[in-house]
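S.K.: This structure is in structure tokens; I'll ask about it shortly.
The values are calculated or read from the model by the stated rules, or taken from the named source; none is laboratory data. All of these numbers come straight from a predicted model, not from anything done at the bench. A quick note on method: Cβ atoms are made from the backbone with ideal geometry, for glycine too, and the neighbour counts reach across all protein chains shown. For the accessible areas, the whole protein counts, side chains as well, though only heavy atoms, and no ligand, DNA or RNA atoms are used. Shrake-Rupley method; radii C 1.70, N 1.55, O 1.52, S 1.80 Å.
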Amino acid sequence: MPLDDALARLLAHINPLTGTESVATFDADGRVLARDIVSDLQVPAFDNSAMDGYAVRSADVAAPGSVLRVTQRIAAGHTGQALQAGEAARIFTGAPVPPGADAVVMQEEAEVLAAPADGVPQVRLSSAVRAGQWVRRSGEDVTRGTTVLAAGLRLGPAELGLAASLGLSHLPVAPRPRVALFSTGDELVMPGDVPPEALPPGAIYNSNRFFLKALLHRMGCEVSDLGIVPDQRDATVAALKTAADHHDLILTSGGVSVGEEDHVKPAVQALGQLDLWQISMKPGKPLAYGHVRRSTQPGLAHFVGLPGNPVSSYITFLLMVRPLLLQLQGASRLMVPSLQLPAHFDWPKGDKRREFLRVRRNDQGGLDLFPNQSSGVLTSVAWGDGVVDNPAGQTIAHGDVVRFLPFAEWLS
């Protein structure tokens, strides 16, 4: 099945999780906003100075060299008195512009003069003043009654700062998806259990479990790590039953091919339904999607079976599982933006499947290709900073403009 068709079919099964959580704004980074945030106030709440300098009436400074009496000093957090004709107020960044003033002159354009006999300081301004200069108007950032953050937005540092500027200590967000993660394969060994020099023949370290758990946490999930399940039908069925009762998604790695020791597919079919099976993409052909019935309560848990090869598992997570998790949280933006960049390599033979080639941007503004594009070479992902989305059958010549998908967008 073509990748876009498979993704559309997968997402058609995914309804956002019900309920809303209230979390501290400090702790809401990466969460998905559950309701629109409408401002109850103006930001800024009052006209204030954008510079350290002098608040003035522009009518008093029609020409360079104007001299004004400095009758007050206004610091941030304090308010001043109404400004009269011929007067200026010493003012600092963020302080309210006093009534009567309509402009601010930066201190670099002002010369403080010796105080006359009455003791009131004077200042000479080196240039003419236009109304509104260096004044931040009330509401120029946020106007009262407007929607400043829309439901479905995935919150980041800037959004949290904006929410705080509205006085919001807590935000309504979608629940975290509960994900059960396990790997299958008798060949898998956990790092630390066996030193490299004692690794048995045919055994490999379980790298997928580490990057999948990290990716899930970056997507705001609550992760239950169920470990490694032996290559046995009964063990696989038992693990799926346990996971379905307490999770929204079951994510497995390995065991979704068609070999005699690949038990995930028949186990899911015995407990629910498997809707997708083979995806026309490289890496990542053996990807499964379905659901598992819960045994202790009504409902279903979604199931995604990723391929066992590490690069296949990594790329299919980004392309398929990430949008699923975002839709579970009601996110409004599921896909990442792409860039059009020149290829600084040749790819003379296109594959019959859509390819995702691991590349890295270079100092010349182009893309370099990792030399080994095998689905088992995780080094290509660690070395690269994204992939080229190459259509099926497409060759690439040095200098061709290609579609680049940065890992940074997927991982943010």
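S.K.: Kindly state which helices (runs of 4 or more DSSP H) lie completely within segment 300-412 and contain at least 1 residues that are without any contact (Cβ under 8 Å) to a residue 40 or more places away in the chain.
M.R.: Output list reads 310-316, 379-383, 407-411.
S.K.: Consider Leu287 against the criteria (1) in a strand (DSSP E or B); (2) out of contact with any Pro (no Cβ under 7 Å at 6 or more places or on another chain): it satisfies all of them except one. Which criterion is unmet?
M.R.: Just one mismatch for Leu287, condition (2).
S.K.: Also, quick follow-up: Cβ contacts < 6 Å: first residue part of a loop (DSSP other than H, G, I, E, B), restricted to segment 28-43; second residue among the small types (Gly, Ala, Ser), any location; separation 6+ or different chain. Result?
M.R.: Final answer for the pair search is Gly30/Gly220; Arg31/Gly220; Ala34/Ala174; Arg35/Ala151; Asp36/Ala150; Asp36/Ala151; Gln42/Ser138; Gln42/Gly139.
S.K.: Are any residues in segment 1-49 crowded, with 16+ Cβ neighbours inside 10 Å and over 26 Å from the mean Cα position of the chain (by Cα), and if so, which ones?
M.R.: Gln42, Pro44, Asp47, Asn48, Ser49 - these are the residues of segment 1-49 that are crowded, with 16+ Cβ neighbours inside 10 Å and over 26 Å from the mean Cα position of the chain (by Cα).
S.K.: Continuing with the same structure: So which residues in segment 217-237 are in contact (Cβ under 8 Å) with a residue 60 or more places away in the chain and either open to solvent by less than 60 Å² (accessible area, probe 1.4 Å) or among the aromatic types (Phe, Trp, Tyr) (or both)?
M.R.: Met219, Gly220, Cys221
S.K.: Name every residue in segment 170-196 that is over 22 Å from Gln329 (Cβ atoms) and part of a loop (DSSP other than H, G, I, E, B), in order of residue number.
M.R.: Gly185, Asp186, Glu187, Met190, Gly192, Asp193, Pro195
S.K.: Follow-up. Answer yes if at least one residue in segment 161-169 is assigned to a strand (DSSP E or B), surrounded by 14 or more Cβ atoms within 10 Å (Cβ to Cβ) and of a type outside the set (Asp, Glu), and no otherwise.
M.R.: Checked segment 161-169: no residue is assigned to a strand (DSSP E or B), surrounded by 14 or more Cβ atoms within 10 Å (Cβ to Cβ) and of a type outside the set (Asp, Glu).
S.K.: Which numbered condition trips up Leu411, out of (1) modelled with pLDDT of 95 or more; (2) open to solvent by 30 Å² or more (accessible area, probe 1.4 Å); (3) within 26 Å of Ile14 (Cβ to Cβ); (4) not charged (D, E, K, R)?
M.R.: All conditions pass for Leu411, except number (1).
S.K.: Exactly one of (1) in contact with a strand residue (DSSP E or B) (Cβ under 9 Å, 6 or more places away or on another chain); (2) modelled with pLDDT of 95 or more is unmet by Leu306. Its number?
M.R.: (2)
S.K.: Those residues that are among the β-branched types (Val, Ile, Thr), open to solvent by less than 40 Å² (accessible area, probe 1.4 Å) and within 21 Å of Asn309 (Cβ to Cβ), I need them from segment 373-408; list them, please.
M.R.: Passing the criteria: Val377, Val381, Val387, Val388.
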